[in-house]
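The values are calculated or read from the model by the stated rules, or taken from the named source; none is laboratory data. Quick caveat, the model's predicted, so the values are computed rather than measured. Glycine also receives a Cβ, built like all others from the backbone with ideal geometry; neighbour counts cover every protein chain displayed.
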Amino acid sequence: MSMRKTTRWSLSSSIFLETPLTISNKVISPDGFSRSTVLADAVFPGPLIQGNKGDTFKLNVIDRLTDDTMFKSTSIHWHGIFQSGTNWQDGPAFVTQCPIVPGNSFLYDFAVPSQEGTFWYHSHLAAQYCDGLRGPFVVYDPNDPHKYLYESTVITLADWYHFPSPSNPLPVFNSTLVNGLGRYAGGPSSPLAVISVIHGVRYRFRMVSMSCDPDWVFSIDGHSFTIIEADGVNTNPLTVDSIQIFAGQRYSFVLTANQRISNYWVRAEPSSGNTGFVNGINSAILRYVGAPKTEPTTTSSPSNPLIETNLHPLVPTPVPGAPHPGGADVNLVMQISVTPELQLAINNVPFFPPTAPVLLQILSGAHSAAELLPTGTIYELPPNKAIEISIPGGSPGAPHPFHLHGHNFHVVRSAGSSTYNYKNPVIRDVVNTGPLLTDNTTFRFFTDNSGPWFLHCHIDWHLQIGLAVVMVENAAKIATEKPPLAWDQLCPLYNASAMD
């Protein structure tokens, strides 16, 4: 097993067989405004965790949180990792575990036998990741025949807030951070991230949206690029000059540094908050080696945006079920609505965390949706069946980027499209619902991974007011699982604590 963790995001990082990840509070000012935060290893974004396909990751999360203005317990989700056979390592608080309490630790110990690509990790307790606990996670294929064709680096996009999440009066972000740096409207000219390239070299940029809320339209002045991966799945090459990326999504694209040696604006236009690029907000700098260390004067004119239906998996993969709408073994419609209490609901029921994790309830003898809490938000799925989920568009707050834990899925109908593709649709783990009433985002997956799996909107503020359900897949098998003793101790420790 080889696993690498580095804050420099270079590929020549050190090797750790078992890696501690310390969660603590720290005052930082990534956009020029100082605030207390929740960080992994005292950096933002959190350190890049790297390994190879086939590795076993051992990540010992140590809770050293002390700031009473934010949650002091924590849990970590390894976004996009299937956790096959290790559902208890998935991380969402009160779905698969109780939170880790201050002064304690929990060893996340899981294998990644078959996946490669770009992932990320983040707190999955309340809206804690909006306070800073989020970072990139890359799994390499040591047998990738193309790995020597380009240099590789990571680009993270994050929304940043000047208020701690529990007290945020309105969840409106103040700035966009690219690789942890940015500026806010009316604020100082803080340093911007600089992405350095050498003329004539090809680069694989792994872009991660670590957003709590907005989507961004990403572009680099004067450059087009070729998408080769979406959410950990290789795609047929697709050349574009802008990418709309939603919360939780990832893309790899290849950029050839073939323009004049100069500085070029990297732009991430958000869907909300302070839009535009005045004084370098929502921006970073692409700098060719040899260019002066000045801010760019380039302009933007993208004309070839990514359209999701143009993405197709590199390796042909059959879509589960019959090739027509409703042709799966189980067909579910998830209708989003607003309750009189201004909560967001799926099929008229908002999700709020139970006091006992869903996984613990199953291990304690509750096996059916009728027995499991929270009532009305648990969906039982039989093993080894094709599942189709449709989420109609035009709902309040749309578009909603939905993420399914434990799986990726075939997007047979994308937002903005009226056609169904059962031949070669994109495979990913976050898909957006459409803003139009005519939209009907539809995806399929196969139930070959037992566990209670969260399905939720990745706009964290929407999750906090109910926009989620739990898919209990193969409850009979879940009931036979045996999580480690350390997992068994999480709930007694949490229940004996102050419980944020």
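Just one of the numbered conditions (1) crowded, with 24+ Cβ neighbours inside 10 Å; (2) under 12 Å from D500 (Cα atoms); (3) not β-branched (V, I, T) is not true of G91; which one? Only one criterion is unmet by G91, namely (2).
May I ask you to list the residues in region 272-288 that are hydroxyl-bearing (S, T, Y) and either closer than 15 Å to Y184 by Cα or part of a helix (DSSP H, G or I) (or both)? Correct list: S272, T275, S283. Among the residues of region 214-241, those identified as under 21 Å from V411 (Cα atoms) and touching a Leu at 6+ places or on another chain (Cβ under 7 Å) are W216, T226, I227, A230, N234, T235, N236, L238, V240. For region 350-367, the criterion of being among the hydroxyl-bearing types (S, T, Y), surrounded by fewer than 17 Cβ atoms within 10 Å (Cβ to Cβ) and more than 24 Å from D460 (Cβ to Cβ) is met by at least one residue. Residue count for region 380-419 satisfying the condition of being assigned to a loop (DSSP other than H, G, I, E, B), buried (at least 18 other Cβ atoms within 10 Å of the Cβ) and of a type outside the set (G, A, S): 5. Of the strands (runs of 3 or more DSSP E) entirely within region 143-226, those holding at least 3 residues that are basic (K, R) and either touching a residue at least 12 places away in the same chain (Cβ under 8 Å) or buried (at least 22 other Cβ atoms within 10 Å of the Cβ) (or both) occupy 202-209. When the test is whether a residue is loosely packed, with under 13 Cβ neighbours inside 10 Å, closer than 30 Å to I378 by Cα, under 26 Å from the mean Cα position of the chain (by Cα) and without any contact (Cβ under 8 Å) to a residue 24 or more places away in the chain, P340 does not pass it. Looking only at region 361-379, decide whether some residue is in a strand (DSSP E or B), under 17 Å from V470 (Cα atoms) and in contact with a strand residue (DSSP E or B) (Cβ under 8 Å, 6 or more places away or on another chain). Yes, region 361-379 contains a residue that is in a strand (DSSP E or B), under 17 Å from V470 (Cα atoms) and in contact with a strand residue (DSSP E or B) (Cβ under 8 Å, 6 or more places away or on another chain).
If you filter region 107-142 down to residues that are of a type in the set (D, E) and crowded, with 18+ Cβ neighbours inside 10 Å, you find that the one that is farthest from V172 (Cα to Cα) is E116.
Based on what the data block shows, is T86 of a type outside the set (D, E) and under 19 Å from C130 (Cβ atoms)? No; evaluated as a whole, the condition is false for this residue. Once region 485-499 is narrowed to residues that are assigned to a helix (DSSP H, G or I) and in contact (Cβ under 8 Å) with a residue 40 or more places away in the chain, the residue that is surrounded by the fewest Cβ atoms within 10 Å (Cβ to Cβ) is N495. Take P302 and tell me if it is farther than 22 Å from Q83 by Cβ, surrounded by 17 or more Cβ atoms within 10 Å (Cβ to Cβ) and at pLDDT below 95. Yes; evaluated as a whole, the condition is true for this residue. Within region 428-465, no residue satisfies the criterion of being closer than 20 Å to G394 by Cβ, small (G, A, S) and buried (at least 24 other Cβ atoms within 10 Å of the Cβ).
Among the residues of region 331-350, just one is part of a loop (DSSP other than H, G, I, E, B), over 12 Å from G397 (Cα atoms) and in contact with a Phe, Trp or Tyr (Cβ under 9 Å, 6 or more places away or on another chain), namely M334. Of the strands (runs of 3 or more DSSP E) lying entirely inside region 9-118, not one contains at least 2 residues that are of a type in the set (D, E).
No other residue among A247, A291 is buried (at least 21 other Cβ atoms within 10 Å of the Cβ), among the small types (G, A, S), touching a residue at least 12 places away in the same chain (Cβ under 8 Å) and not in a strand (DSSP E or B) apart from A247. Of the residues making up region 123-142, those that are in a strand (DSSP E or B) and hydrophobic (A, V, I, L, M, F, W, C) number 3. Consider region 14-61 and keep the residues that are among the hydrophobic types (A, V, I, L, M, F, W, C) and surrounded by fewer than 19 Cβ atoms within 10 Å (Cβ to Cβ). The one that is modelled with the lowest pLDDT is I15.
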